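Engineer: Pasting a structure below so you can have a look.
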Amino acid sequence: MYNLIRAEFFKLRKNRSFWTLLIALVVVSLAYPLLYYFDHQSSGEPQFTGAQFLSTFIASNAYAIKFGVAVLAGFFISNEYATGIMKTIASSGNTRGRLYTAKLFGFVAGAMLVSLVFPIVSTVEVTFLSGFGHLPADSSVFFIPRVLGLTLLYTAAYAAIGAMFAVILTDSGKTIGVSIIFFLMIDIVLAGIGSKVEFFAKLYDYSIFKLVGDIGKPSIDSGDWPALLLVPLLTIVLCAMLGILVFRRKDIK
């Protein structure tokens, strides 16, 4: 199992699409704060400090996570069906459960790196421009580690969903398209149905799609922590199990 995971990490390091995605996100993460910097400079408004920018715009990182997971799922997992790599590894003698688990480890690691680009790069840039400033009034010294830790956890949950789509669809274009549409529309769909059906309202309230918005809260009540931690963990386990089930039954050509 260890060698399988190492092989996936090696493929991730050599994946050009992964590095292209990282570079593109770095460029966007550098450009985005500059728009606000020059706009505030021309209007005379106070500049964002690094801490203010992180706490204000961390919610925007959800879009980077969704887009990054969709693109990476297409080029890191589904693309191996087209190149024949998936057929080769499926006939390597390892069980499909082990192969999928190793692939998921590599994919999650790549998605996690993608998820950290915007909050780290943009915060460092704004800190250089305007100073770090002060953390939100109601937050603790653990605000930044908490934000980054929850970002990684929720990214892993999104990645588990993306990996499941990748093995179901097996085509990079379809995987990217379906994943992006799903991640962008699921909030609207669940919230809309939830306004009429109580069950779906509860389902949405206790889903990663809703709870990911709580990552950047200055403070989190102790009663909210169980749901905030258990929901993404259960999502990872459930989607991983479904992904393994699909991968075992899939006819790889």
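The values are calculated or read from the model by the stated rules, or taken from the named source; none is laboratory data. All of these numbers come straight from a predicted model, not from anything done at the bench. When we count neighbours, we look across all protein chains shown, and the Cβ atoms used for this are built from the backbone with ideal geometry, even at glycine. Please note that ligands, DNA and RNA were not included when accessible areas were found on the heavy atoms of the full protein model with its side chains. Shrake-Rupley method; radii C 1.70, N 1.55, O 1.52, S 1.80 Å.
Engineer: Using θ = phi - 60° and the Karplus relation 6.51 cos²θ - 1.76 cosθ + 1.60, list the HN-Hα couplings for the range 10-25 in order, rounded to whole Hz, with x at every Gly or Pro.
Structural biologist: Here the 3J(HN,Hα) series is 5, 5, 5, 5, 8, 7, 5, 5, 4, 5, 4, 4, 4, 5, 4, 5 Hz.
Engineer: So how much accessible area does Val126 have, in Å² to the nearest 10, using a 1.4 Å probe?
Structural biologist: Val126 exposes around 10 Å² with every protein chain in place.
Engineer: Using the crude model of +1 on Lys and Arg Cβ and -1 on Asp and Glu Cβ, and no other charge, please compute the dipole size for the range 118-253 relative to its Cα centre, in debye to 20.
Structural biologist: Dipole of the range 118-253, to the nearest 20 debye: 580 debye.
Engineer: Bin all alpha-carbon pair distances of the range 30-161 at 5 Å intervals from 0 and give each bin's fraction as a whole percent.
Structural biologist: The percentages, shortest bin first, are 2, 10, 16, 16, 14, 12, 9, 7, 6, 4, 3, 1, 0, 0.
Engineer: How large is the direction-averaged shadow of the alpha-carbon convex hull of the range 1-249, in nm²?
Structural biologist: Quarter of the Cα hull surface area: 15.3 nm².
Engineer: Which Cα, out of Ala157, Thr49, Tyr204, lies furthest along the positive dipole direction of the range 1-249 (beta carbon charges, K/R +1, D/E -1)?
Structural biologist: Ala157
Engineer: If you roll a 1.4 angstrom probe over the protein chains with everything in place, what fraction of the accessible area of the range 1-71 belongs to carbon and sulfur, to the nearest %?
Structural biologist: 65 percent
Engineer: Okay, next question. Hey, if you drop one equal point scatterer on each alpha-carbon of the range 87-132 and run the Debye formula without solvent, what base-10 log of I(q)/I(0) do you get at q = 0.21, 0.27, 0.30 Å⁻¹?
Structural biologist: For the requested q values the scattering log ratios are -0.73, -0.89, -0.96.
Engineer: Checking the cross-link filter: which lysines have an alpha carbon closer than 16 Å to that of Lys14, excluding same-chain neighbours under 8 positions apart?
Structural biologist: Cα-Cα hits under 16 Å: Lys103.
Engineer: Rank by packing, highest mean first: peptides 92-104, 31-43, 166-178, with packing defined as the count of other Cβ atoms within 10 Å averaged across residues.
Structural biologist: Per-residue Cβ counts within 10 Å, averaged per peptide and sorted highest first, yield 166-178, 92-104, 31-43.
Engineer: So, one more: Largest first, what is the accessible-area ranking of Ile85, Ile181 with a 1.4 Å probe?
Structural biologist: My answer, sorted largest first, is Ile181, Ile85.
Engineer: Leaving ligands, DNA and RNA out of it, rank Arg146, Arg249 by accessible area with a 1.4 Å probe, largest first. Don't jump to the answer; show the numbers that get you there.
Structural biologist: Numbers: Arg146 40, Arg249 190 Å².
Largest to smallest exposure gives the sequence Arg249, Arg146.
Engineer: Right, next: On a straight-distance basis, which lysines could pair with Lys202 in a cross-link, Cα separation under 26 angstrom, same-chain partners fewer than 8 positions away excluded?
Structural biologist: Correct list for Lys202: Lys66, Lys210, Lys217.
Engineer: So how tilted is helix 172-194 from the main axis of the chain? Cα-based, degrees 0 to 90, rounded to 10.
Structural biologist: 60 degrees
Engineer: Between Ser43 and Ser195, how high is the FRET efficiency from 1/(1 + (r/R0)^6) when r is the Cβ-Cβ distance and R₀ = 51 Å? Nearest 0.05.
Structural biologist: 0.85
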